Amino acid sequence: MPANLPPEYFEAEKRFKEAATAQEKAVALEELISTVPKHKGTDKLRADLRRRLAQLREEAARRKKSGKGDLYTIEKQGAAQIALAGFANTGKSSIIKSLTNAHPVVADYPVSTVMPLAGMMPFEDIQFQLVDLPPIGNETTDGWVSGILRVADLLLLVVDLSNAPDVRTDLLLEQLGTWKIKLLRQGESSAECNGCKPAVIAANKLDIPSARDGLQRLRSRYETRYPVVPVSSATKDGLEELRRALFEHSRIIRVYAKEPGKEPERAAPFVLAAGSTVLDLAEMIHKDFLVNLKYACVWGSAKFGGQRVQKDYMLHDRDVVEYHLR
Ligand SMILES: Nc1nc2c(ncn2[C@@H]2O[C@H](COP(=O)(O)OP(=O)(O)OP(=O)(O)O)[C@@H](O)[C@H]2O)c(=O)[nH]1
Ligand SMILES: [Mg+2]
């Protein structure tokens, strides 16, 4: 067991041990992995945990096929999973409907959403999974809603600009806090805040006249901490900006691999966490690459196109990487 594991690790480990089903265990294990600091000393531990997670996912998928799956969890798909959190009637389902291929219930009565519903949101050459959820603060659903929020890669906090958005955002963050869901602040790296997830605030209903005033109050209170994107799902204003903000704060990069003498695979980017290296990509492409990699050449972020780089070279969004194997 490596030294210096944070207290969150042991809390998450406890939840993992207490989880009953394969599905619950997988969710708890994902959380556990997110608490392990990334450095050489934890390489083995992280690899072991990831292997265990893969096994659990397979097990959960088998159970799902046999009809024993859990309706209240959403299997991750696409570049990242983004869960929507907000109080009733703020427009979560309307935003999902505008950005994805999904068709949720949109209604003017509170708690119109009672089940999780996922839809895919295209962004340039990748897709994000958006998960619509019932409003938070509802006793019957909070249990599994918080479970989904906890494992999502990014949270989209939806607030209604015409209804005390600053005060309601305080309450929303307070509720997330009681669930021990920690958010990454603007400019903070995940190394500085272990287990924290990025969040974007969608300030919705911009079309309502009183919204301008609400937006000002929301911005003055929160903009330094979290990105605030004003939108109207009714008029579609701001939705493109929201799409881009979600990509930018998801902390993922797209990398295109190529073989020497061939064109890069433009149609199928590899999606990696920001900060990933040539070696991380090699591991993702094929297990043999890890052993057989001699060197790589990078176009994009490298000083000059096709520059030969070390295995620990940190990749950037849209880099093209050419592998040279032994
Ligand atoms: N004026 C205006 N109304 C909106 C906007 N977005 C949503 N609404 C309305 O707000 C109401 C609630 O929208 P939903 O998308 O169902 O809200 P929700 O957050 O999913 O609600 P729950 O599922 O109950 O939590 C509906 O009557 C929508 O038509 C907007 O941008 N402007
Ligand atoms: Mg809804």
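Nothing in this text is a laboratory measurement; each read-out follows from the coordinates by a stated rule. Here the structure is a predicted model, which means the values were calculated and not measured. Note that each Cβ is placed from the backbone with ideal geometry, even for glycine, and that neighbours are counted across all protein chains shown.
Summary of values
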item	result
Percent of beta bridges antiparallel (DSSP, the chain, rounded to nearest 5)	50 percent
Contour minus Cα-Cα distance for residue 240 and residue 284 (0.36 nm per residue)	12.8 nm
The chain - percent relative contact order, Cα under 8 Å, separation 6 or more	12 percent
Virtual paramagnetic centre 7 Å along Cα→Cβ of residue 326, amide N under 13 Å, in the range 285-301	288-295
Rounded FRET efficiency, nearest 0.05, which uses the C-beta distance separating residue 291 from residue 182 and R0 of 30 Å	0.20
Length released on extending from residue 307 to residue 167, taking residue separation times 0.36 nm less the Cα-Cα span	45.2 nm
Axial C-alpha extent at least 18 Å, average Kyte-Doolittle at least -1.0 - helices from the chain (DSSP)	22-35, 139-151, 165-178
Signed unit charges on C-beta, dipole axis of the chain, positive-most listed residue 96, 284, 26	284
